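*Asks:* If you scroll down you'll find the structure; I have some questions about it.
The values are calculated or read from the model by the stated rules, or taken from the named source; none is laboratory data. Model, not experiment: these values are computed from the prediction. We place every Cβ from the backbone using ideal geometry, glycine too, and count neighbours over all the protein chains shown. For the accessible areas, the whole protein counts, side chains as well, though only heavy atoms, and no ligand, DNA or RNA atoms are used. Shrake-Rupley method; radii C 1.70, N 1.55, O 1.52, S 1.80 Å.
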Amino acid sequence: FTGWLIEKNGREPEESEFTDEEIWQLQRDFLAEIFKRSKQRRLLPLALDFVDYHYHYAASVMAVPPEIRPLAGHRLMKSLLIKAESARLARFNYEILDLLESGEPDLPELCKNLQASGSFAVIYPRDGEVFTESLAEPYFRLLERLDGATPASQAAVGLAIPLDEAADFLEFAVAEGIATTMTQQAKTL
């Protein structure tokens with residue numbers, strides 16, 4: 001990796017020159033080049049899923065979760081919710097829970113046994129731990145649309161999610177610290 005960085009930059013850069021997000025992207029670029037050179041492109045999506053997961057996991061470890069004040073029912077759906085700053089939304093090439101359950105990554109074996117079906121997840125801290133929830137795409141999109149300006153019910157209707165299902169999901173999301181109100185989020189920042 002260091003050799004690749006020197007080749008790319010003409011010198012060995014200091015880690016302090018990069019943000020965490022830039023380092024993550026450099027890791028992705030390095031792996032893409034290595035897998036291309038070694039004619040193992042088919043394994044790259046799996047490798048990137050692991051890199052992406054660990055990046056989001058590390059960011060969640062360092063994040064301050066919001067103060068949790070559960071909301072429910074009718075009031076919840078009228079609320080102006082936002083995704084908590086500490087919650088990370090991520091898309092993966094493979095079902096992330098299958099990768100996490102696989103133990104030590106053996107990319108050729110995983111590639112042989114798993115199908116690249118894609119998955120959506122939220123990775124978030126709560127009670128000193130980091131949790132990963134695989135989500136159906138509509139719920140992932142709902143979390144993306146929580147902007148603090150649009151009522152939750154309107155966001156759900158725009159995604160054709162039945163309001164009772166959206167309310168159940170958002171009740172879970174608020175109780176877990178994945179979603180919060182603007183007021184609660186401001187208290188943690």
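*Asks:* Just name the residue that is farthest from Asp147 (Cα to Cα) out of those in region 95-120 that are in contact with a Ser or Thr (Cβ under 7 Å, 6 or more places away or on another chain) and in contact (Cβ under 8 Å) with a residue 40 or more places away in the chain.
*Replies:* Among those residues, the one meeting the criterion is Leu110.
*Asks:* Hey, another quick one. Look through region 63-104, keep the residues that are β-branched (Val, Ile, Thr) and surrounded by 14 or more Cβ atoms within 10 Å (Cβ to Cβ), and return whichever of them is modelled with the lowest pLDDT.
*Replies:* Among residues in region 63-104 that are β-branched (Val, Ile, Thr) and surrounded by 14 or more Cβ atoms within 10 Å (Cβ to Cβ), the one modelled with the lowest pLDDT is Ile68.
*Asks:* Next question. For region 170-185, indicate whether the set of residues that are modelled with pLDDT under 95, assigned to a loop (DSSP other than H, G, I, E, B) and acidic (Asp, Glu) is non-empty.
*Replies:* Checking region 170-185: not a single residue is modelled with pLDDT under 95, assigned to a loop (DSSP other than H, G, I, E, B) and acidic (Asp, Glu).
*Asks:* Looking at (1) more than 19 Å from Ser86 (Cα to Cα); (2) touching a Leu at 6+ places or on another chain (Cβ under 9 Å); (3) assigned to a helix (DSSP H, G or I); (4) open to solvent by less than 60 Å² (accessible area, probe 1.4 Å), which is the one condition that is false for Pro13?
*Replies:* Exception for Pro13: condition (3).
*Asks:* With the checklist (1) without any contact (Cβ under 8 Å) to a residue 60 or more places away in the chain; (2) closer than 18 Å to Ile123 by Cα; (3) open to solvent by less than 90 Å² (accessible area, probe 1.4 Å) in hand, flag the one item Asp20 doesn't pass.
*Replies:* With (1) without any contact (Cβ under 8 Å) to a residue 60 or more places away in the chain; (2) closer than 18 Å to Ile123 by Cα; (3) open to solvent by less than 90 Å² (accessible area, probe 1.4 Å) applied to Asp20, the lone miss is (3).
*Asks:* Okay, moving on. As an exercise: evaluate Ile161 against (1) closer than 25 Å to Asp52 by Cα; (2) modelled with pLDDT of 95 or more and give the number of the one condition it does not meet.
*Replies:* Of the numbered conditions (1) closer than 25 Å to Asp52 by Cα; (2) modelled with pLDDT of 95 or more, the odd one out for Ile161 is (1).
*Asks:* What single numbered condition from (1) at pLDDT below 95; (2) under 25 Å from Ser134 (Cα atoms) fails to hold for Arg28?
*Replies:* (1)
*Asks:* Going through region 35-63 one residue at a time, which ones are in contact (Cβ under 8 Å) with a residue 24 or more places away in the chain, over 26 Å from Ala87 (Cα atoms) and of a type in the set (A, V, I, L, M, F, W, C)?
*Replies:* Result: Leu43, single match.
*Asks:* A follow-up question, please. In region 105-162, how many residues are open to solvent by 30 Å² or more (accessible area, probe 1.4 Å), over 19 Å from the mean Cα position of the chain (by Cα) and at positive phi?
*Replies:* Total meeting the criteria: 1.
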